[in-house]
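One structure is given here, and the rest of the page talks about it.
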Amino acid sequence: MNKSSIYVFLFLLPLFSHAQIINSYEINAEFFPKDAQMYNYPVSAESFMRANVFIRLSEIQDSVVIFYLHGELKIDSILSGSRKIDFEYDKVLYNYNYSRIALKVICNPSDLVNDKLTVFYCGFFNPSKAGALSNYMHINENSGVYLRGYGYSLWFPVFIEAGGDSYKSEFTKIIVKLPPGYKCIVGGELVEENTDDTTYIAVWKPGLTDIPDIQCTARKYNLNTKENVYVYYSTDKSSSDKVLDYSIGLRKLFSQNFKSIDVSRPLFIMEMLKYGDISSGNVVGISEELFNNFETDIRSKLTIAHELAHPYVKIPIPLSRQKGNMPFSIERSNKEY
């Protein structure tokens, strides 16, 4: 495909394209909250993230393969198998990235080997003023790494137009590297975590997951854990104790009274920045203000209860109401609550 043909597709494809369904992702990301050169890494001092993502596509039905990344990132190269393939890109308006701008990348599917893609990229995630509730999406020395999935920050390739339906994919492995002292939370199962003199490494296995639930948070956290609940906090141990006990009790209450997903899964709760009240799979983020005023601000308990409903309550109808007493079937996604 020549360059002029690709630009024609750039103009026309929003009118008729649809998402390529992704069989699986494997993400390998390294973050540099400080100047990258301080860690002897062979990238420019302006690179705050470097990653490669191995993708297995399903059967491709479109004339081109299109994916999107955060607008401040740049593509280093794209491989299919061991073959380096050509691509074109442009910056476009994309309402479901927190900066409202995305990198639109186009490849020719005839260049692919066995429907495989490996995308190498790097760059910034600076705070954006485009949307106040998303200004904390960034990579920063003082406050850490805060990246949410599709709908907020495109930190890995997403294969849908802005506003399109999200999709599930098998996230077989997400490897995150950081300087020593950090802890990273992604979601799913924490397979491995270790630190040497130069690098912290965390290996997560989210499994089959909807792309909005693939977030990444890293900070110089302390850890408080009990009964398969993990609370990551910054400084206040007493607040983490209270959040931990309350979350354990609330999870038991939900599992006894509501139709829940697998409550044996670990639950990860993080103290986050000002706009940190989130739920992403089995990860819950609570803003610093609410986290540290747990006993004096009723909003803290209400917020935790609300966010905990997402990962642990599939259908918020009491079990007693589900045993033949209802005249109709309710099948709703937990995303609605």
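The values are calculated or read from the model by the stated rules, or taken from the named source; none is laboratory data. Remember, it's a predicted structure, so these values are computed and weren't measured experimentally. Virtual Cβ from ideal backbone geometry, glycine too; neighbours counted across all protein chains shown.
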**Request:** Could you tell me which residue of region 20-35 is modelled with the lowest pLDDT, considering only residues that are in a strand (DSSP E or B) and among the aliphatic types (A, V, I, L, M)?
**Result:** ILE22
**Asked** Do the conditions hold for ASP62, that is, is it at pLDDT 90 or above and either assigned by TED's automatic domain parsing to the domain that holds LEU154 or among the basic types (Lys, Arg) (or both)?
**Response** no
**Request:** Could you please give the count of residues in region 203-226 that are of a type in the set (Lys, Arg), surrounded by fewer than 21 Cβ atoms within 10 Å (Cβ to Cβ) and either in contact with a Lys or Arg (Cβ under 7 Å, 6 or more places away or on another chain) or under 23 Å from HIS138 (Cβ atoms) (or both)?
**Result:** 2
**Fill in**
Reported set for region 245-279 where residues are farther than 16 Å from ARG299 by Cα, at pLDDT below 80 and among the acidic types (Asp, Glu) is ASP262
**Asked** On the given criteria, is GLU193 more than 30 Å from VAL92 (Cβ to Cβ) and either in contact (Cβ under 8 Å) with a residue 40 or more places away in the chain or buried (at least 22 other Cβ atoms within 10 Å of the Cβ) (or both)?
**Response** no
**Message:** Against the conditions (1) part of a loop (DSSP other than H, G, I, E, B); (2) closer than 25 Å to GLU72 by Cβ; (3) of a type outside the set (S, T, N, Q), where does PHE171 fall short? Just the number, please.
**Reply:** (1)
